[in-house]
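The values are calculated or read from the model by the stated rules, or taken from the named source; none is laboratory data. Worth saying up front: this structure is predicted, and the values here are computed from it rather than measured. Virtual Cβ from ideal backbone geometry, glycine too; neighbours counted across all protein chains shown.
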Amino acid sequence: MDKWVRQLKEERQGKAPKASPMTPEQIEIPELKKKLATLDVRLIEQFSLIEKLKKSHSITTLCKELGVHRSSSKYWQRLPKSISIELIKLRFLIKEVHAASKSSAGTRSIAGMVTAQGIPLS
């Protein structure tokens with residue numbers, strides 16, 4: 001019984017249980033995570049399909065048949081298809097500055113530190 005009490009306390013604190021799941025909800029969580037991952041992949045595939053077929057069919061019809069919201073399709077079309085090298089370098093520099101501050105610097109401090117290195121941030 002002590003084991004169950006410890007496990008319940010750990011779960012309430014947000015820690016992952018070390019033992020096998022006790023409740024049906026705990027058993028269902030990993031299954032739902034797998035399904036969510038496949039749904040994300042399918043959504044990207046659906047958007048790609050809409051992009052390919054939009055010349056021969058209306059976007060509204062394609063979205064309706066695939067069960068995708070038209071606004072989501074428009075949003076996906078506007079996303080950049082690749083990330084620029086400058087953006088990657090900037091992200092790396094920001095992470096580097098944040099790590100140098102021992103993860104204590106906030107947005108304004110990081111912006112000031114990066115600007116001091118010659119890269120202006122607004």
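Observations
- Applying the criterion of at least 1 residues that are among the basic types (Lys, Arg) and touching a Ser or Thr at 6+ places or on another chain (Cβ under 7 Å) to the helices (runs of 4 or more DSSP H) found wholly in region 41-122 leaves 70-78.
- Listed by first and then second residue, the pairs with beta-carbon distance under 8 Å, at least 6 apart or on different chains, first residue in region 58-79 and touching a residue at least 12 places away in the same chain (Cβ under 8 Å), second among the basic types (Lys, Arg) and surrounded by 11 or more Cβ atoms within 10 Å (Cβ to Cβ), are 59/70; 62/54; 63/70.
Results for (1) within 28 Å of residue 12 (Cα to Cα); (2) over 17 Å from the mean Cα position of the chain (by Cα); (3) outside the structural domain of residue 12 (by TED's automatic domain parsing), shown as yes or no for each residue.
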position	(1), (2), (3)
28	yes, yes, no
31	yes, yes, no
42	no, no, no
46	no, yes, no
49	no, yes, no
63	no, yes, no
67	no, yes, no
70	no, yes, no
73	no, yes, no
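- Single match in 89, 81 (criterion: charged (D, E, K, R) and exposed (fewer than 10 other Cβ atoms within 10 Å of the Cβ)): 81
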